[in-house]
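Notes follow once the structure below has been shown.
The values are calculated or read from the model by the stated rules, or taken from the named source; none is laboratory data. Bear in mind that the values here come from a model prediction, so they are computed numbers and not experimental data. Using ideal geometry, Cβ is built from the backbone for each residue, glycine included, and neighbour counts are taken over all protein chains shown.
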Amino acid sequence: MLDRDNVSHPALQDARSTAYWLDSPDRPAPRAALTGELEADLVVVGGGFSGLWSALIAKQRDPQRSVVLLEAQEVGWAASGRNGGFCSASLTHGYENGLSRFPDELETLDRLGAENLDAIERTVAEFAIDCDFRRAPGIGVATEPHQVEWLREGPGEFLDGEAIRALVNSPTYLAGKIGDEPLALVDPARLCWGLARAAEELGVRIFDRSPVTGLRRQGGRRGDRVVASTSGGAVAARKVALGTNAFPSLVRRTRWHTVPVYDYVLMTEPLSESQRESVNWSNGAGLDDLGNQFHYYRMTADHRILWGGYDAIYHFGRRVKPEYDLRGLTFDKLAEQFFDTFPQLAGLRFTHRWGGAIDTCTRFCAFFGTAHRGDVAYAVGYTGLGVGASRFGAEVMLDLLSGEETERTRLDLVRSKPLPFPPEPFAYAGIQLTRSSLARADRQQGRRDLWLRTLDRLGLGFDS
């Protein structure tokens, strides 16, 4: 059998095959699994950001409401504990995507996104969540001549080559731009653990190792309870909020609208003082480059560099499996690209390598809806920028479950749905063709072939 985690790059030889954020002595012990039957006003399915924010905000809105959260593994175990920790104010996966899809709402969405990020910061302070939350500039960098002109367009502060290299020193940088959208960097796993603790302090009951196998109504009338069943028990609730994201939805009709795409990440050992001086990363920025197959990277509180992105791997049949979290070919490529970007760090070692599934949809930002006569709500499809937007998604789900119209529920962002992906084998063939075309465009000064231009015209323009 092929060893998916077989790596050859020397800097990877001692790297642990686990997420750095989750590999902590402070990681909480798993909570007990659900046994027996319970009743609640609200049951939340999923112990990542979507579920944790839903549970916490539900109790803040109504302290008397009884809330139960059911997690299949452990709180923060999946995408919420494995991402890069970029907590963006954007609700639309970036300015350009928002402008192309929701131009009439973009000013409102920008305001709501900034308010949402402010609310995250207030919650971190209120509950003393130790997650290294810190505001930081977001910088896009051009590493190819054709990308320089791209950076001159749109909002933000343009930086020429000398100016960007004065902020972060890489010989590959030709230009940069400091974005206008507010950004914070966090330790995502610690944010999850802190949100879980805060929710429990407010009275939320959390059960780990309790995967929900199905939803059913106790009766046929609106207002009857919806039962969330697990292998060890069940919770009968008036309302249900679903935060399952990349995993198969309990609302089957939404499964066509997302595919799980795997993303991969490396973490270095802590940089020495001289190594930090060589990269001159003094402003704590979060960076990404402008390739279709792009990298994102940032410095941690203990002076490590997180380096992720580039490959976006889809497996036939929308499968989500633990063995897909590791991919030696991608880890080797990422290591090679890291030292191309920072050759002055030759000899630095990586301590962790990992991957995880992202819930991708065809509009590249979350969509929302209800089922079971309005008693079940979902938010899904964040496409990799959900650390911040998931809190907004939780607010939307709770608004929808309340049945009251709000500024959020009036948004076209909330009322509309993305186009679904086709069934197999067409989904797999189309995604592989798109990946190949994107890589070709990166090699050919950004020129998009007929396939990519067709996707653009259909509003399905895709990147990793």
Pairs only if they're at least six apart or on different chains, beta carbon under 7 angstrom, first in the stretch 101-113 and modelled with pLDDT of 95 or more and in a helix (DSSP H, G or I), second buried (at least 16 other Cβ atoms within 10 Å of the Cβ) and among the aromatic types (Phe, Trp, Tyr); list them, first residue then second. LEU109/PHE102; LEU112/PHE392
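Taking the stretch 160-214, which residues are of a type in the set (Gly, Ala, Ser), surrounded by 18 or more Cβ atoms within 10 Å (Cβ to Cβ) and not in a helix (DSSP H, G or I)?
Residues of the stretch 160-214 of a type in the set (Gly, Ala, Ser): 161, 163, 166, 170, 175-176, 179, 184, 189, 194, 196, 198-199, 203, 210, 214.
From what's left, surrounded by 18 or more Cβ atoms within 10 Å (Cβ to Cβ): 170, 175-176, 179, 184, 189, 194, 196, 198-199, 210.
Passing the criteria: SER170, ALA175, GLY176, GLY179, ALA184, SER210.
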Among the listed residues PHE338, PHE364, PHE368, which satisfies the condition of being in a loop (DSSP other than H, G, I, E, B) and surrounded by 16 or more Cβ atoms within 10 Å (Cβ to Cβ)? PHE364
How do the pairs read when you match residues in the stretch 301-323 that are touching a residue at least 12 places away in the same chain (Cβ under 8 Å) with residues anywhere that are small (Gly, Ala, Ser), using Cβ under 6 Å and keeping only pairs 6 or more apart or on different chains? LEU306/GLY84; GLY308/GLY84; ALA312/SER464; VAL320/ALA357
Hey, does the stretch 108-121 have a residue that's over 21 Å from the mean Cα position of the chain (by Cα) and under 19 Å from ARG391 (Cα atoms)? yes
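Could you identify the single residue in SER8, SER50, SER24 that is on the phi < 0 side of the Ramachandran plot, at pLDDT 95 or above and crowded, with 19+ Cβ neighbours inside 10 Å? If you could, list the steps in order and put the result at the bottom.
Numbers: SER8 fails: crowded, with 19+ Cβ neighbours inside 10 Å; SER24 fails: crowded, with 19+ Cβ neighbours inside 10 Å.
Matching residue, one of SER8, SER50, SER24: SER50.
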Note on the stretch 39-70: residues in contact with a strand residue (DSSP E or B) (Cβ under 6 Å, 6 or more places away or on another chain) and of a type in the set (A, V, I, L, M, F, W, C) are ALA40, LEU42, VAL43, VAL44, VAL45, ALA55, ALA58, VAL67, VAL68, LEU69, LEU70
Do we have any residue at all in the stretch 137-160 that's over 23 Å from GLU96 (Cα atoms), of a type outside the set (A, V, I, L, M, F, W, C) and at pLDDT 95 or above? no
Go over the candidates ARG443, ARG410, ARG415 one by one and state the one that is under 24 Å from the mean Cα position of the chain (by Cα) and basic (Lys, Arg). ARG415
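Working only within the stretch 242-282, note down all residues that are acidic (Asp, Glu) and closer than 24 Å to GLY328 by Cβ. Can you show your working first?
Restricting attention to the stretch 242-282, the residues satisfying the condition of being acidic (Asp, Glu) are 263, 269, 273, 277.
Once the filter is applied, which keeps residues that are acidic (Asp, Glu) and closer than 24 Å to GLY328 by Cβ, the stretch 242-282 yields ASP263, GLU269.
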Determine which single condition ARG349 fails, assuming it passes every other condition in (1) within 21 Å of ARG304 (Cα to Cα); (2) in contact with a Cys (Cβ under 9 Å, 6 or more places away or on another chain); (3) not hydroxyl-bearing (Ser, Thr, Tyr). (2)
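Scanning for something within 30 Å of THR254 (Cβ to Cβ) and free of Cβ contacts under 8 Å to residues at least 24 places away in the same chain, does the stretch 325-344 turn up at least one residue? Give the derivation first.
As a first pass, look at the stretch 325-344 and keep what is within 30 Å of THR254 (Cβ to Cβ): 325-327, 330.
Within this subset, residues satisfying the condition of being free of Cβ contacts under 8 Å to residues at least 24 places away in the same chain are none.
Within the stretch 325-344, not a single residue is within 30 Å of THR254 (Cβ to Cβ) and free of Cβ contacts under 8 Å to residues at least 24 places away in the same chain.
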Inspect the stretch 439-457 for any residue being of a type in the set (Asp, Glu) and assigned by TED's automatic domain parsing to the domain that holds PHE102 and give the result as yes or no. no
Being in contact with a strand residue (DSSP E or B) (Cβ under 9 Å, 6 or more places away or on another chain) and either at pLDDT below 95 or not in a loop (DSSP other than H, G, I, E, B) (or both) is the filter here, so list the residues in the stretch 71-93 that pass it. ALA79, GLY81, PHE86, CYS87, SER88
Confirm whether THR143 is closer than 22 Å to ASN280 by Cα and among the polar types (S, T, N, Q). yes
Just one listed residue, out of GLU115, GLU96, is acidic (Asp, Glu), assigned by TED's automatic domain parsing to the domain that holds ALA394 and closer than 30 Å to GLU336 by Cβ, and it is GLU96
Yes or no: PRO155 touching a residue at least 40 places away in the same chain (Cβ under 8 Å), touching a Phe, Trp or Tyr at 6+ places or on another chain (Cβ under 8 Å) and part of a loop (DSSP other than H, G, I, E, B)? yes
Filtering the stretch 426-440 down to residues that are closer than 11 Å to ASN292 by Cβ and under 23 Å from the mean Cα position of the chain (by Cα) yields THR434, ARG435, LEU438, ALA439
Mind checking whether some residue in the stretch 263-272 is touching a strand residue (DSSP E or B) at 6+ places or on another chain (Cβ under 7 Å) and acidic (Asp, Glu)? yes
